[in-house]
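See structure below.
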Amino acid sequence: MFVITAEEKGPDMPTLSTGEYTLVYNAFSFVFAAMFATFIFLVLSRAGVAPKYRNAVTMSALVVAIAGYHYFRIFESWQAAFVLTPGANGAAASYTASGSPFNDAYRYIDWLLTVPLLTAELIAVMAITGAKKTSLTIRLAGAAALMVALGYPGEIASDIGTRTIWGVISTIPFLYIVYELFVGLGPAIQQEKGNVKGILSNVRWLMLATWGFYPIVYSIPLLTGGAKLSATAVIAVQVGYCIADVLAKCGYGVIIYNIARLKSEGEPVTAAGTYAPASGD
Ligand SMILES: *C/C=C(C)/C=C/C=C(C)/C=C/C1=C(C)CCCC1(C)C
């Protein structure tokens, strides 16, 4: 027999109107579809880029596959966390907590895997090679994993003080990533040619804008009067993360693919019209 402690169970979910419940339900469903569709697109398009850029496209596909799986689990967890309860005396029905916890860990495990991959795919599509490439990848992916791990204790905490402290600590590796994107990657972006230079430069802004969205969403409970689990806070956090994930994973993945395709235009093509195999890169 398992005994579930209050700590493991987590705080109870608030009561939601059917409209509020359905909004989050539909958001999860939409994100699942977007991840699935992006995965198929990337897998089908991968052969259209030169072999040396295929790793970047593969990583994009892995990101949306991992996220799609987790969204499916999050979706199930959301359904299990609520029961439809008829309203008393003719009042509208509502969704009340079932007692089964809504599992926030799926999201963080997803980020732990996908966020380092997102940084690695940016480097994979750039003209950085050798030791420099390895060291940048390790530093950026390491900082990304650290940021996610440090945010988790705050996300599951039921008191605002704990949420604030871990949020602040997790912001340190986040700022380091921003620094590397804008300062560390600067020289490598300057070496790129034509269109690619402009797109890569813009990708950094896309990353800053979409990634910057997560700490804002994380802070919503701090702004809504400290009640972490008010209906408004729960809905805003879930829908907010959904929007950010579609932009930061699907949107970003398609842009990385486009960069790979543009850069492939300069690569040697065989008589059969396919790209020559990579020469030990
Ligand atoms: C696909 C998922 C992505 C790109 C997730 C990115 C997540 C972040 C940039 C999270 C950052 C956080 C902080 C900077 C402080 C508060 C805690 C976090 C983890 C939400």
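A few remarks follow.
- For region 73-97, filtered to residues that are assigned to a loop (DSSP other than H, G, I, E, B) and in contact (Cβ under 8 Å) with a residue 40 or more places away in the chain, the residue that is nearest to the chain's Cα centre (by Cα) is A93.
- Residues in region 208-228 that are buried (at least 18 other Cβ atoms within 10 Å of the Cβ) and either more than 10 Å from the ligand (Cβ to nearest atom) or at positive phi (or both): P221, K228.
- Selection within region 181-192: residues that are surrounded by fewer than 17 Cβ atoms within 10 Å (Cβ to Cβ) and touching a residue at least 12 places away in the same chain (Cβ under 8 Å). The member of this set that is nearest to T134 (Cα to Cα) is G184.
- Residue ID - modelled with the lowest pLDDT, chosen from residues in region 237-281 that are within 16 Å of the ligand (Cβ to nearest atom) and more than 24 Å from L44 (Cβ to Cβ): V237
- Residues of region 193-207 satisfying the condition of being more than 22 Å from L247 (Cα to Cα) and surrounded by 14 or more Cβ atoms within 10 Å (Cβ to Cβ): none
- Selection from region 65-92 of residues that are of a type in the set (S, T, N, Q) and out of contact with any strand residue (DSSP E or B) (no Cβ under 9 Å at 6 or more places or on another chain): S77, Q79, N89
- When A93 is tested against the conditions (1) out of contact with any Asp or Glu (no Cβ under 9 Å at 6 or more places or on another chain); (2) within 30 Å of G266 (Cβ to Cβ), the lone failure is (2).
- Checking L118, L112, L140 one by one, the residue that is surrounded by fewer than 20 Cβ atoms within 10 Å (Cβ to Cβ) and either over 19 Å from the mean Cα position of the chain (by Cα) or part of a helix (DSSP H, G or I) (or both) is L112 and no other.
- Long-range neighbours under 9 Å by Cβ, at least six apart or interchain, first residue outside any helix (DSSP H, G or I) within region 148-167, second within 11 Å of the ligand (Cβ to nearest atom): A157/R163; A157/I165; A157/W166
- Sole residue being in contact (Cβ under 8 Å) with a residue 60 or more places away in the chain, outside any strand (DSSP E or B) and in contact with a Phe, Trp or Tyr (Cβ under 6 Å, 6 or more places away or on another chain), chosen from A127, A61: A61
- Check on A236, surrounded by 14 or more Cβ atoms within 10 Å (Cβ to Cβ) and over 24 Å from S60 (Cβ atoms): yes
The values are calculated or read from the model by the stated rules, or taken from the named source; none is laboratory data. Model, not experiment: these values are computed from the prediction. Using ideal geometry, Cβ is built from the backbone for each residue, glycine included, and neighbour counts are taken over all protein chains shown.
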